[in-house]
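The values are calculated or read from the model by the stated rules, or taken from the named source; none is laboratory data. From a predicted model like this one, the values you see are computed outputs, not experimental measurements. Backbone-built Cβ (ideal geometry, glycine too); neighbour counts: all protein chains shown. For the accessible areas, the whole protein counts, side chains as well, though only heavy atoms, and no ligand, DNA or RNA atoms are used. Shrake-Rupley method; radii C 1.70, N 1.55, O 1.52, S 1.80 Å.
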Amino acid sequence: MSYDDNNIFAKILRGEIPCKKIYEDEFVLSFHDINPQKKVHALVIPKGKYVNLEDFTSKATSEEIAGLMKGISTVAKKIGISSIDNGGFRTLSNVGENGGQEVPHLHFHLFGGEKVGRMVQ
Ligand code: AMP
């Protein structure tokens, strides 16, 4: 699976285009989705060059995988949608054409701040 260095999230990671940053650590970057589908709509992406979830789980280190999973929970807490002290949220990752993936850099969507609704429409 070849990675396209010119995808929009690669450019955000390189600082070539701006984002509304929420959180960053050695493994992940998180920012607000440019076209929010719910009251709160954040994205969490790994810093490594991975096309999608399958590419990530086949090539990433255990530290990177743990770092991304932890990053999702850290971001949820930071933006006030955690299930622990707020109402909770939905996270999902679109994989490939049938999954509806548009940007070919692995990303998890976090939706919350209101009832998210049906899982699949
Ligand atoms: P997906 O269909 O899962 O690949 O989702 C891609 C997401 O990236 C969509 O929700 C877009 O609104 C979002 N997106 C595209 N460009 C940007 C950008 N420059 N900054 C933030 N979010 C973006």
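Remark: the Cα gyration tensor places the stretch 62-121 in the oblate category, a/c being 1.5 or greater and a/b not exceeding b/c.
Using only C-alpha atoms and all pairs of different ones, pull out the Kirkwood radius for the chain in Å with one decimal. It is 14.7 Å. Of the listed residues 114, 64, the order by accessible area with a 1.4 Å probe, largest first, is 114, 64.
Report, in degrees rounded to the nearest 10, the 0 to 90 angle that the Cα long axis of helix 62-78 makes with the longest principal axis of the chain. Tilt of helix 62-78: around 30 degrees. Kindly state, to the nearest 0.05, the FRET efficiency for residue 11 paired with residue 61, given R0 = 25 Å and r defined as their beta-carbon distance. The computed FRET efficiency comes out at 0.55. Summed over qualifying helices (DSSP H, 4 residues or more, each -39500 (n - 2.57)) and divided by its residue number, the chain shows a 222 nm mean residue ellipticity of -7500 deg cm²/dmol. Simple rule: put +1 on each Lys or Arg Cβ and -1 on each Asp or Glu Cβ in the chain, find the dipole, and look at 18, 83, 110; the Cα lying farthest toward the positive end is 83. Using a cut-off of 18 Å between Cα atoms, the listed pairs 20/115; 38/115; 20/59; 39/70; 20/78 include 20/115; 20/59; 39/70 as exceeding that distance. Listed by chain and number, the aspartates and glutamates placed with their C-alpha closer than 14 angstrom to that of residue 21 are 33; residues fewer than eight positions away on the same chain are left out.
Stretching residue 20 away from residue 97 to a fully extended chain increases their span by 25.0 nm, per 0.36 nm per residue minus the current alpha-carbon distance.
Extending 7 Å from the Cα toward the beta-carbon at both residue 73 and residue 35 defines two label points whose distance is 3.3 nm.
Here the contact order of the chain, divided by its residue count and restricted to Cα pairs under 8 Å and six or more residues apart, works out to 30 percent.
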